[in-house]
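The values are calculated or read from the model by the stated rules, or taken from the named source; none is laboratory data. Only a predicted model underlies this, so the values are computations on that prediction, with no experimental measurement involved. Reconstructed Cβ throughout: ideal geometry from the backbone, glycine too, with neighbour counts over all protein chains shown. Accessible surface areas use protein heavy atoms only, side chains included; no ligands, DNA or RNA. Shrake-Rupley method; radii C 1.70, N 1.55, O 1.52, S 1.80 Å.
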Amino acid sequence: KPFLDPFRAPTSDLGFDWYFNEGALLGLGLFYKDIDTYVQTTRENRVFNTIPGLDPSLLAGTTALPTDEFIYNFPVNTSGGPLRGAELNYQQPFTFLPGKWANAGVQLSYTYVDSQIQYTTSTGVPTIKTDLLGLSKHSYAGTLYYDGDQFSARVSLTKRDDYLTTAPGRNSSAALPVGPGNNDVEGTKGTTTVDASLSWKIDDQIQLSLEGINLTNEWNDQWIDSSADRSVSYTQTGRQYMIGIRYKF
């Protein structure tokens, strides 16, 4: 859609890092964004022949008529809203341990983000003020690793809270205000995933590797309506395993 303003957000960042040992770090990052032009996708039911620029010939070969109603997506600008958050990072190689255990280490992070966006209809009328799409308020990540001269391994855990995917939600009743019980928002349930990898260096030329993704076999659970929590899609990709060999000439 032409004449849309791009995303704009004056941003402020403040970071503190403490390197308390070789390879070790404790860091805190604070950030604030004032989102003043947010592009939102809206949905609206309209009769085909009432939309300027749509030629009836586009329906040729279908059973649809120009007088039929279709669902249209419209990108529109909204007034946006503030976004604020903090990120905490910690990494520690276990160099204080004896022998080969000194090759191990850990990396941990936590992120908190809060943002409220004013959403509108396709005509620009304010409807609902809620979280920024795709935003989890709390996110965690951790990695335990071992990096030796011949053998390396790591296991990582990633966890995120629920997040919204559509606001306002689809198929809400025009006779009721947008809110809980009227398909106010759509979202995805939070997930916890575990990945792991191993590698073995046979010699200076050959290296073998084994990688596992989504070892917890996490499901993708999408829902609609913040109060009714009706299921939209419940899918599973399963665990994935990959074996590799690398040869260096």
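Tell me which residues, restricted to the range 136-145, are touching a residue at least 40 places away in the same chain (Cβ under 8 Å) and either open to solvent by 50 Å² or more (accessible area, probe 1.4 Å) or aliphatic (A, V, I, L, M) (or both). Spell out how you get there, then give the answer.
Step one: list which residues in the range 136-145 are touching a residue at least 40 places away in the same chain (Cβ under 8 Å), which gives 136, 144-145.
144, the sole residue that qualifies.
Residue 97: assigned to a loop (DSSP other than H, G, I, E, B), over 20 Å from residue 4 (Cβ atoms) and open to solvent by 40 Å² or more (accessible area, probe 1.4 Å), yes or no? Before you say what the answer is, go through the steps one by one.
Numbers: assigned to a loop (DSSP other than H, G, I, E, B): yes; over 20 Å from residue 4 (Cβ atoms): yes; open to solvent by 40 Å² or more (accessible area, probe 1.4 Å): yes.
Yes: the conditions hold for residue 97.
Got a sec? Which strands (runs of 3 or more DSSP E) wholly within the range 202-249 have at least 1 residues that are acidic (Asp, Glu)?
Numbers: elements: 206-213, 219-224, 230-236, 240-247.
Of the strands (runs of 3 or more DSSP E) lying wholly inside the range 202-249, those with at least 1 residues that are acidic (Asp, Glu) span 206-213, 219-224.
Across the range 154-179, what is the number of residues that are modelled with pLDDT of 90 or more, open to solvent by less than 70 Å² (accessible area, probe 1.4 Å) and either among the charged types (D, E, K, R) or more than 19 Å from residue 90 (Cα to Cα) (or both)?
Count: 4.
Within the range 134-143, is even one residue within 27 Å of residue 234 (Cβ to Cβ), in contact with a Lys or Arg (Cβ under 7 Å, 6 or more places away or on another chain) and of a type outside the set (Ser, Thr, Tyr)?
The answer is no; no qualifying residue exists.
Does at least one position in the range 55-66 carry a residue that is over 30 Å from residue 143 (Cα atoms), of a type outside the set (Ser, Thr, Tyr), open to solvent by 40 Å² or more (accessible area, probe 1.4 Å) and within 34 Å of the chain's Cα centre (by Cα)?
no
Go through the range 117-154 and give me each residue that's within 16 Å of the chain's Cα centre (by Cα) and part of a strand (DSSP E or B).
131, 138, 139, 140, 141
Among the listed residues 223, 219, which satisfies the condition of being open to solvent by 80 Å² or more (accessible area, probe 1.4 Å) and at pLDDT 90 or above?
Being open to solvent by 80 Å² or more (accessible area, probe 1.4 Å) and at pLDDT 90 or above holds for just one of 223, 219, which is 219.
Taking the range 9-40 on its own, how many of its residues are free of Cβ contacts under 8 Å to residues at least 40 places away in the same chain and under 27 Å from residue 116 (Cα atoms)?
8
So in the range 180-196, with the set limited to residues that are open to solvent by 40 Å² or more (accessible area, probe 1.4 Å) and assigned to a loop (DSSP other than H, G, I, E, B), which one is farthest from residue 136 (Cα to Cα)?
Only one residue tops the list, namely 181.
Got a sec? Which strands (runs of 3 or more DSSP E) wholly within the range 6-55 have at least 2 residues that are more than 23 Å from residue 120 (Cα to Cα) and modelled with pLDDT of 85 or more?
11-21, 24-35
Would you call residue 41 open to solvent by 50 Å² or more (accessible area, probe 1.4 Å), more than 30 Å from residue 164 (Cβ to Cβ) and not small (Gly, Ala, Ser)?
The answer is no for residue 41.
Test residue 71 against the criterion of being farther than 22 Å from residue 17 by Cβ, open to solvent by less than 30 Å² (accessible area, probe 1.4 Å) and either without any contact (Cβ under 8 Å) to a residue 24 or more places away in the chain or not small (Gly, Ala, Ser) (or both), and give yes or no.
no
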